[in-house]
Ligand SMILES: [Zn+2]
């Protein structure tokens, strides 16, 4: 279910609009001050939240226990591994 976020140009607050259908059209406005001077923020909130959790998990320090910061090859290998895991997840969505 898509959630669109709009930042108000007047008060800078962010308003979220939940769309029941992807094709549904909305007239965004600031829920705080009522201004229609709002700018769409690219979010895809539900997806990003999942992704953040995954990144947190992926960045768990215990996963880097074998990482030698003085060894670029080791870092590269770890980053590639993370990228692959993230890529797999993103590819599904
Ligand atoms: Zn506002």
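Please verify whether residue 23 is modelled with pLDDT of 75 or more, exposed (fewer than 13 other Cβ atoms within 10 Å of the Cβ) and in contact with a strand residue (DSSP E or B) (Cβ under 8 Å, 6 or more places away or on another chain), treating the condition exactly as stated.
So residue 23 fails the test.
Quick check on this structure: which one of 85, 52, 76, 56 is assigned to a helix (DSSP H, G or I), at pLDDT below 65 and farther than 28 Å from residue 8 by Cβ?
None of the others qualify; the one that does is 56.
Quickly run through region 5-25 and pick out the residues that are within 16 Å of the ligand (Cβ to nearest atom) and in a strand (DSSP E or B). Before the answer, list the steps.
Pass one, region 5-25, residues within 16 Å of the ligand (Cβ to nearest atom): 5-17.
Within region 5-25, 5, 6, 7, 8, 14, 15, 16, 17 qualify.
Exactly one of these conditions fails for residue 43: (1) within 18 Å of the chain's Cα centre (by Cα); (2) at pLDDT below 65; (3) loosely packed, with under 13 Cβ neighbours inside 10 Å. Give me its number.
(3)
The values are calculated or read from the model by the stated rules, or taken from the named source; none is laboratory data. Predicted, not measured: the structure shown is a model, and the values here were computed from it. Here the Cβ is made from the backbone with ideal geometry for all residues, glycine too, and neighbour counts use every protein chain on show.
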